[in-house]
Amino acid sequence: MELGPRRATVVTQGADMDQHLSRPTWSRQIEFTLAGIGCAVGLGNVWRFPYLCYRSGGGAFLVPYLLMLVVLGIPLLHMELTVGQYMRRGPVHALANACPLLKGVGMASVAISFIMCTYYNVVITWALYYLFSSFQAPLPWQNCNNTWNTPNCTNHATNSSFSSTASQEFFKFKMLEQTSGVEESGVLRWELFLILLLAWILIYLCIFKGVKSTGKVVYFTALFPYVILIALLINNVQLPGALDGITFFIVPEWDKLLSVEVWVNAAAQIFNSIGIGFGSLLAMSSYNSFNNNVLKDTLTISIINSLTSVLAGFVIFSAFGYMSHLQGIPVRDLAVDGPGLVYVVYPQAFANMPVAQLWAVMFFFMLLCLGLDSQFAMVEVMVTSLMDEFYQHLITFFKRKELFVLALCGAACLLGIPCVMQVGIYVFQLMDHYTAIVSIMFLAFFEVIAICWSYGVNRLSDNLEEMTGKRANIFFRLCWLIVAPVLITVILIFSIIQFRPARYGDYVFPPWAQGVGWVIALASIIWIPLGAIHTLWVLPGSFMQKLKLSFTPYGLDKMTKMPYYEREGKDGCPVIAVISSNMCRPEKPPVQTNL
């Protein structure tokens with residue numbers, strides 16, 4: 001019989017076991033649900049989903065999107081939450097237990113979370129900059145009568161490539177003061193640096209007490225964005241031309257469904273939006289109570305995430321219709337591209353709305369809330385994983401967990417400085433391209449292999465039954481075993497075939513910068529082979545014995561932490577009692593096992 005961590009003897013150092021048993025939990029389960037929603041619902045829901053709809057046939061994109069939600073998003077989220085809650089550990093230990101050979105996947109998820117949080121907080125910095133600027137009257141991007149504007153500035157967009165809108169010039173020449181390319185670094189933008197520092201202070205104050213403080217903050221940061229989204233929608237649908245934008249959003253162009261790229265984009269959007277492979281939700285679920293209803297949280301988080309994307313689509317496309325009406329060009333001809341949707345196109349729409357300052361303040365405050373939730377999750381992955389692995393060393397050195405979290409936030413803040421220099425937008429684009437697009441696909445692929453195939457669908461169902469009293473149904477088991485691995489493999493292959501070097505607008509990064517991008521990507525991916533090599537190195541026996549044990553769940557525990565391991569007794573207790581259980585009694589003296 002396969003024994004899970006709660007049925008296996010754990011003979012470890014007392015301090016490590018005490019730390020594991022005293023692991024904090026969410027004060028109320030609703031706090032985890034809200035934190036999970038906040039983690040999944042982010043800036044991608046506001047700009048990436050509408051952008052993909054815009055590019056992929058409007059309503060036609062919803063067909064593959066919803067299908068991928070059912071067969072990929074929900075099953076994989078269920079898998080991650082089950083593993084995190086059962087093992088009560090962060091992604092490093094959880095993956096090491098599931099498949100020792102692929103323990104590097106957990107290490108890679110910590111690395112990618114650290115890399116992403118250094119530049120993702122720059123997006124929050126931009127939101128704060130726009131938020132502070134929104135209190136001015138008129139809005140600084142409302143007209144071309146400013147010192148930073150060029151002779152080519154125009155108050156209304158045209159199809160001419162030689163002109164630029166007041167909104168574009170505010171973003172490019174006022175906030176970023178961007179250089180001509182990555183070769184020209186420029187100087188530090190002190191305004192942005194101070195706002196970056198403020199953003200990290202906000203992050204620290206929200207998470208320094210762990211789930212106890214984060215759980216209180218998410219009541220506001222996870223719920224308030226919906227108040228603003230609904231208010232924006234009510235306002236936008238009353239604007240002239242709004243119906244044209246909404247029609248473009250919901251009326252399908254069915255011929256687009258014949259494109260493989262649309263289907264892959266739908267799968268990738270579900271995948272990246274929910275955050276499979278980042279380790280964030282796995283880490284946060286490790287603080288759940290053992291008997292929490294995992295399926296309820298899975299459905300709540302995944303469905304609300306997708307409904308938020310659709311709601312944001314109505315808000316954005318109603319504004320598109322209004323802009324189309326003002327500029328006299330069709331909705332499909334508007335200049336829409338990536339994050340510029342949030343910081344260029346939408347602010348341009350605000351500038352012409354009644355009470356422009358009010359809507360601008362509300363919108364950018366919503367972006368701040370969305371960004372903070374996602375940032376909480378990425379920092380929590382690092383804190384959880386490092387505390388799991390080096391608890392005694394860290395507490396000995398820092399004395400208090402709060403000081404360790406402060407040091408972590410400080411290091412990430414310093415590493416984010418290149419993104420707030422004049423060259424910052426190029427650094428940001430390079431890091432985002434090679435981290436969020438390249439690295440995450442490899443991590444997700446190996447995570448699914450480690451959990452679904454190595455750890456096994458039956459064992460995962462057993463864990464679920466032990467926690468909730470119910471095994472996973474046939475739909476989830478089929479998705480875990482066949483559908484999800486196949487779909488992720490297809491996405492990975494397609495991503496490799498269709499890979500394009502990083503670019504920002506018309507600017508293509510030079511070869512040396514692309515090389516730096518690959519180094520950034522490898523900074524997380526490299527932990528997968530390194531972890532495999534280390535596992536094979538430390539396991540005993542011949543190469544084939546090492547290989548077999550490396551695919552055995554808890555194989556490393558059996559060697560490093562369990563000089564004795566046991567069979568299950570008649571009463572369901574192991575022969576050697578788990579340290580945390582006083583109910584079980586050994587049936588006979590332990591027997592030394594040769595591995």
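The values are calculated or read from the model by the stated rules, or taken from the named source; none is laboratory data. As the structure is a computational prediction, the values presented were derived from the model and not from experiment. Heads up, the Cβs are rebuilt from the backbone with ideal geometry, glycines too, and the neighbour counts pull from every protein chain shown. The area values use the complete protein model at the heavy-atom level, side chains included, leaving out ligands, DNA and RNA. Shrake-Rupley method; radii C 1.70, N 1.55, O 1.52, S 1.80 Å.
In table form, for the structure just shown:
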| item | result |
| --- | --- |
| Rounded accessible area per residue of the chain, 1.4 Å, Å² | 41 |
| C-alpha center-to-center spacing [region 72-151, region 478-554] in angstrom | 20 |
| On Cα atoms only, tilt of 457-468 relative to the major axis of the chain in degrees | 90 |
| Value of relative contact order over the chain, rounded to a whole percent, pairs C-alpha under 8 Å and six or more apart | 32 |
| Region 483-526 shape via C-alpha gyration tensor axes, a/c threshold 1.5 | oblate |
| Relative contact order for region 109-179, counting Cα pairs under 8 Å that sit 6 or more residues apart, in percent | 22 |
| Inter-centroid distance (Cα atoms) of region 18-71 relative to region 428-446, Å | 18 |
| Dipole of region 35-551, positive direction: furthest Cα of Tyr86, Pro151, Gly36, with charges on the beta-carbon | Tyr86 |
| Over 26 Å between alpha carbons, listed pairs Lys470/Lys546; Lys209/Lys399; Lys296/Lys401; Lys256/Lys296 | Lys470/Lys546; Lys296/Lys401; Lys256/Lys296 |
| 5 angstrom amide H check on Met421, placed H, neighbours 5+ away | Arg189 |
| Nearest-ten-degree value, helix 74-87 long axis tilted from longest Cα axis of the chain | 40 |
| Packing-based order for 233-241, 497-505, 418-426, using average beta carbon neighbours within 10 Å, highest first | 418-426, 233-241, 497-505 |
| Mean projected area in nm² (Cα convex hull; one quarter of hull surface) for the chain | 27.4 |
| For the chain, size of Cβ-based charge dipole, Lys and Arg +1, Asp and Glu -1, in debye | 1320 |
| Mean Cβ neighbour count within 10 Å, used as a protection proxy, ranking 183-190, 34-41 highest first | 34-41, 183-190 |
| Percent accessible area from carbon and sulfur atoms, region 73-177, protein chains only, probe 1.4 Å | 57 |
| Long-range amide H partners of Cys153 with built H, under 5 Å | Ser164 |
| Between 0 and 90°, nearest 10: helix 356-398 axis offset from the chain longest Cα axis | 30 |
